Amino acid sequence: MPSFFKEYDIRGLIDKELNGETAERVGKSLGTFLNGQEVLVCRDIRHSSEKIQPAFVKGLLSAGCNVTFIGTYPSPVLFFHSWSQKKEGAMITASHNPAVYTGFKFVEKTGCSYVDQYRELKKIYESGNFRKGSGKYSEIDGYTEYFKFLKSVIKPKRKMNVAVECLYASSAVVMPNLYGQILNSFVQVSHGEAKPDFNNERPEPKGDNLRDLSRIVAGNKLDFGVGFDGDCDRSVFIDDKGRELNGSVAAAIFIQHIMQKYKGKGKTVVMTVDCNSELKPLAESYGGKLVWSEVGHGFIGMNVYRHKAVFGGEMSSHFWFEHYPFSDGFIAGLKMAELLSSTDKKLSELVDETKFAPMLKEYVNCGTHERKENVKDSLVEKYKAEEKNATLTRDGIKFFLNELEWVLIRKSNNLPEVCLVIEAKDDERLRELHEKYRKVIDETIGKTKS
């Protein structure tokens, strides 16, 4: 059984899990699933992605797919071309995982990420019954058309002083030119050298990885900063005081700006179930509606597409806008610049005006994926019986304690961890609830076999 098929992507260690043989087989599986349709292919800068690209392409060609390689770029470039050309796409990346990992993200011609399709791909992979054919290979440069599109939809009203955190990853391929040319301003870059090993660090934009960006923004009195993950479908914001914004706060700022434009028109916003509950009345205050989605970029993208949403957001700082149904870290940063250029308020002022109840999100290591599944199942059964208003999610359970406070327990779809999310009325209550539910999780792990 291949261990690298995850809930909404394919991800594994280079050589040990994903290598020439398995990558070619993945290519054959995708080609068979698509019945020989043309596939656009792109890869991130990691050495492990470069290593498996030839074998993956070989597998696609052998299944009769014509393959167009659009270059070594961040994921949004591939997603854009799949959406604009209406062709299936394959991004070779392992997102924010260290460089020793690689993998694949597949995208439909609608621009929506694969979700349930991975189950069918896994069946094809395991069966070994592959389509036979002889596809043709070609190459184009995918960046130019993507850049032109962004430039056509972003219209800042004044110059903005911005800094970006590349974390030695794929955003360094296009930064600072992408932002500098569209915003017509000088863009400061942190860790802006593209390194195939990410300088032996993890390209995850949060906490300590954003300290340098915070110092640059606050020290140089810039308007804001934005940090990108390894493949640039996420964007974490730093305000002018150097503070990191969580996904709910950034979403609230976007919602107010976007829904003001559509006030009273009943437009839809999509948010994941791990975000602040106050986002729902915020969207409704503009005559709109909010749809709660499962956690995971594929699930929320699908909901953005189905509901024709004007905005989508996730606590992990994936953001969607009305233009297309995939999360694009670059357009998110440009939208923030456009937003701030139209107001006299600083980002820090908009943050301080966002009065949300405190939240906590914590991942707890279970040791193995098997134990994680068993722990999750035990906790779901426990709280399904104890909490009458509990709602089962695709990968866990959520229940409200009162009108405001709630608890979400779900599994990580990539790591052997369970995730605990809590929203409480104040910090003291948050500590109390965290102590209570973390104790239950620890005890469940302790008595659960792997």
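The values are calculated or read from the model by the stated rules, or taken from the named source; none is laboratory data. Predicted, not measured: the structure shown is a model, and the values here were computed from it. Because the Cβ atoms are built from the backbone with ideal geometry, glycine has one as well, and the counts that use them run over all protein chains shown.
Which numbered condition in (1) in contact with a helix residue (DSSP H, G or I) (Cβ under 7 Å, 6 or more places away or on another chain); (2) crowded, with 19+ Cβ neighbours inside 10 Å is the only one that PHE79 fails?
Here PHE79 clears every test but (1).
Give just the number: which of (1) out of contact with any Lys or Arg (no Cβ under 8 Å at 6 or more places or on another chain); (2) among the charged types (D, E, K, R); (3) more than 24 Å from ALA218 (Cα to Cα); (4) not assigned by TED's automatic domain parsing to the domain that holds THR72 does LYS123 not satisfy?
It fails just one condition, (4).
Evaluate the following for SER62: is it touching a residue at least 40 places away in the same chain (Cβ under 8 Å), of a type outside the set (Lys, Arg), over 16 Å from PHE106 (Cβ atoms) and in contact with a Lys or Arg (Cβ under 8 Å, 6 or more places away or on another chain)?
When the stated conditions are applied, SER62 passes them.
Kindly indicate whether any position in the stretch 335-342 is farther than 29 Å from SER95 by Cα and at pLDDT 95 or above.
Looking through the stretch 335-342, at least one residue is farther than 29 Å from SER95 by Cα and at pLDDT 95 or above.
How about the stretch 391-407: which of its residues are loosely packed, with under 14 Cβ neighbours inside 10 Å and touching a helix residue (DSSP H, G or I) at 6+ places or on another chain (Cβ under 9 Å)?
LEU392 - this is the single residue of the stretch 391-407 that is loosely packed, with under 14 Cβ neighbours inside 10 Å and touching a helix residue (DSSP H, G or I) at 6+ places or on another chain (Cβ under 9 Å).
Just to be sure I understand, how many residues within the stretch 209-224 are under 18 Å from the mean Cα position of the chain (by Cα) and not hydrophobic (A, V, I, L, M, F, W, C)?
Total satisfying the criteria: 1.
Given the conditions (1) assigned to a loop (DSSP other than H, G, I, E, B); (2) of a type outside the set (Phe, Trp, Tyr); (3) surrounded by fewer than 21 Cβ atoms within 10 Å (Cβ to Cβ); (4) in contact (Cβ under 8 Å) with a residue 24 or more places away in the chain, which single one is not true for LYS388?
It fails just one condition, (4).
If you take the residues in the stretch 236-273 that are of a type in the set (Phe, Trp, Tyr) and either in the same structural domain as THR391 (by TED's automatic domain parsing) or not in a loop (DSSP other than H, G, I, E, B) (or both), which one is surrounded by the fewest Cβ atoms within 10 Å (Cβ to Cβ)?
For the stretch 236-273, the residue satisfying everything is PHE254.
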